[in-house]
Structure formats: structure tokens, C-alpha cells
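A short worksheet on the structure shown next.
The values are calculated or read from the model by the stated rules, or taken from the named source; none is laboratory data. Just so it is clear, the model here is predicted, and its values are computed rather than measured. Because the Cβ atoms are built from the backbone with ideal geometry, glycine has one as well, and the counts that use them run over all protein chains shown. To get the accessible areas, we keep the full protein, side chains included, count just its heavy atoms, and leave off ligands, DNA and RNA. Shrake-Rupley method; radii C 1.70, N 1.55, O 1.52, S 1.80 Å.
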Amino acid sequence: MNYWPLLGVASVVAGFALRLNPMLVVVAAGFVSGFAAGLPLPDLLALLGKAFVSTRAPLLIVLTLPVVGLLEHAGLREHAQRWIAGLYYMSLSLLLIYYMALRQILGALGLTSIGGHAQTVRPLIAPMAEASARKAAPELDDAQRERTRALAAATDNVGLFFGEDIFIAFGAVLLIQTFYASNGIQLEALSIALWAIPTAIAAFVIHAVRIVVFQYGLTRGAGPKP
């Protein structure tokens, strides 16, 4: 067995240890492994190009980052905070529970890309959650602000994770079906997705209680100091 191609792994470790550009490190490691395996340069370039083309779809999320950055530069976070602060009836718990319900419903329909930490939570939900939290605790300190942001991110995770399991064509559902089939148990993907509904409901209720308890803690902390 030829172990020389493993030099590419050593190249990645060395490049990251030296804090070099990750893209250059990975490409260089590919060339190192390819040459160590005896591939000629044209075949190596063709292999790298094929790998890039076959995996370029997941990189589409990168295109949203400049757009989000421009919107934030134009004051998106500030506008979101002012808008939510003007809704006197909107509390932190109500905002996050509504968002979790929407995230679960969209995830159950397979629309998992609508929302997310980069494109929704950071520019919109987290600032709106901070503005709502200030209604319960006008003097919101840095620790409470960070916990509010973390709660907004966790709400997105819970809504997506337990919602997407209800979608019949989700990869995890098909993985479960394949696993049971390999052990002689035949299950329909629809039945697996339907049995995910009680779990999603339980997760929704449990996290909604956590949100309410968090807001109650903010309200208690906003009382007069001794």
C-alpha cells in the first residue's frame, strides 16, 4: 500500500498550524497528495476541477454573506430593533416562539434554507430579541445580551432540527429507513416522518417553556437593586 499520498494530510496540519490561508493550504495539500500518488498534472487538475464542480452547490450560501453585510452596513439591525421596540405587545418570548413555530413549519415542508444563523438570526432575529429583552430589562448588561443572542440562535436550531425530520424526503428520514431495512425491518418513509411529529411538538413545548423562563429571569433581574 502506498502511504505517500498521506503527505497531503501532513500538509493540511502544517498549513493550519502556521495559520496560512485555508484555501491555499487545501489546494496545496491536494497537489501534494496527487503528485505523491503519481498522478500527472493534467489528470490532477481534472480531478480537482471535477471535485469543485460537484461540490459547488453548498457554497451558494457564501453568496448571501456579502448581501447580509451590505444590509447591516445600511443599518438593518438598527431598523429591526426600532421596529420591534415600537410593537408594545411584542415580548421576547412571543417573538422567539413565533419564530420557532415558523421555522418548524417551514422545515417540515422542506424549506430548510429559509432562515438560518447567517442570513436570519444574526441580522434580524438577534437584534429584535435584544430590543424585546430591553422591555423586560431596560438596563440589559453584556452577559444578558449575549445570553439573549444565544437563545435566539438556539431557537433557530430547535425549530429547524425537529421540523426537518417531518419532511419525508429529508436525508435523516431516508437514513433511518435504510438502517432499518438493512436489519430486516421494512418501514415507509411516511410513517417515520409522521412519528417525528410528537417529538417536534415536545421539543417545541419544552423550548417554549425555556424561553418563557428566560424572560421571567430577565424581569426579576430588572427589579430594584438592594
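Before moving on, here are some points about what is shown:
- If the condition is being at pLDDT 85 or above and of a type in the set (Ser, Thr, Tyr), then the range 179-209 contributes Ser191, Thr199.
- Residues in the range 191-223 that are of a type in the set (A, V, I, L, M, F, W, C), more than 19 Å from Tyr99 (Cα to Cα) and open to solvent by 40 Å² or more (accessible area, probe 1.4 Å): Leu194, Trp195, Ala222.
- Residue, most open to solvent (accessible area, probe 1.4 Å), within the range 157-170, restricted to residues that are within 13 Å of Ala101 (Cα to Cα) and of a type in the set (Phe, Trp, Tyr): Phe161
- Considering only residues in the range 76-90 that are of a type outside the set (D, E, K, R) and within 24 Å of the chain's Cα centre (by Cα), the one that is surrounded by the fewest Cβ atoms within 10 Å (Cβ to Cβ) turns out to be His79.
- Within the range 69-89, the set of residues being assigned to a helix (DSSP H, G or I) and farther than 16 Å from Thr148 by Cα comprises Gly69, Leu70, Leu71, Glu72, His73, Leu76, Glu78, His79, Arg82, Trp83.
- Filtered residues of the range 91-142 (kept if open to solvent by 20 Å² or more (accessible area, probe 1.4 Å) and on the phi > 0 side of the Ramachandran plot): Gly110
- Subset tally (residues that are in contact (Cβ under 8 Å) with a residue 60 or more places away in the chain and hydroxyl-bearing (Ser, Thr, Tyr)) for the range 96-133: 1
- Hits in the range 131-179 (condition: in a helix (DSSP H, G or I) and charged (D, E, K, R)): Arg134, Lys135, Asp142, Arg145, Glu146, Arg147, Arg149, Asp156, Glu164
- Ala154 vs. criteria closer than 28 Å to Ala126 by Cβ, open to solvent by less than 60 Å² (accessible area, probe 1.4 Å) and not aromatic (Phe, Trp, Tyr): yes
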